[in-house]
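Laboratory data are not the source of any read-out in this text; all were calculated from the coordinates shown. Quick caveat: nothing in here was measured; it's all calculated off a predicted structure. Every residue, glycine among them, receives a Cβ derived from its backbone with ideal geometry; neighbour counts consider all protein chains shown.
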Amino acid sequence: MLKHLLSKWPLIKQIQTGADGTGPESFSERTRNLRPKNDGADVARSICPYCAVGCGQLVYHKDGKLISIEGDPQSPISRGHLCPKGADTYELHTHAGRLKKVKYRAPYATKWQEIELETAMDMVAERVWETRERTFQETKDGQPLMQTLGMAHLGGATLDNEENYLIKKLFAAGLGMSCISNQARI
């Protein structure tokens with residue numbers, strides 16, 4: 001019985017076979033049956049959303065659940081590498097403390113309240129339009145001006161050129177905003 005038990009130990013197998021401990025002789029029954037955490041999961045190629053570099057990511061999912069997010073070795077930009085923000089994408093999506101509702105604190109209120117996303121979007125749209133109406137200046141010194149200085153737009157670094165172009169068109173031509181910038185410049 002003891003001899004049978006000892007023969008299963010990886011160290012005893014290494015001594016018996018003269019192996020260096022890097023091959024199958026070093027495996028226990030448990031390690032022989034181990035599988036990667038993304039074994040059997042579907043994979044979707046994606047792009048990291050946290051800066052404008054556009055590193056490739058592999059998003060592993062199974063049964064409607066996110067399994068892991070890793071760098072994509074086939075990405076010509078990142079070649080499988082991710083910065084600390086990109087490497088933490090999984091945790092940013094799955095952390096128990098992640099907010100999933102819109103928090104709103106009314107003027108002069110001391111407490112935050114949760115509101116629906118649709119309500120928050122309506123509030124933003126109403127405030128943008130009200131600010132434009134209140135601060136829009138059609139002319140200056142008899143010349144057409146067509147602008148508002150009452151609001152500004154600061155874009156995120158994850159926006160690509162096409163999105164920035166559309167934002168510029170919407171906010172400058174559509175709303176008359178002249179204060180448009182991007183955090184990538186800051």
Span per principal axis, largest first, for the Cα atoms of segment 42-94 (Å): 30, 21, 13
From the coordinates shown, semi-axes √(5λ) of the Cα gyration tensor in Å corresponds to which of (1) 58, 21, 12; (2) 53, 21, 14; (3) 30, 18, 14: (1)
Sequence-distant residues sharing a close amide H with Met177 (under 5 Å, placed H): Thr148, Ala172
Interchain or long-range residues, amide H under 5 Å from Gln57's placed H: Ser46, Ile47, Cys48, Asp72
Mean Cα-pair separation over length for the chain, i.e. relative contact order, pairs under 8 Å, 6 or more apart, %: 12
Loop-located trypsin sites (Lys or Arg not before Pro) in segment 81-181 whose Cβ has at most 13 other Cβ within 10 Å (DSSP): Arg98, Lys100, Lys101, Arg105, Lys111
Nearest 10 degrees, 0 to 90: helix 117-135 Cα axis against the chain principal axis: 30
Environment charge at Ile67 (Cβ cut-off 11 Å; Lys +1, Arg +1, Asp -1, Glu -1): -1
Expected 222 nm ellipticity per residue - DSSP helices of 4 or more, -39500 (n - 2.57), all of the chain, to 500: -7500 deg cm²/dmol
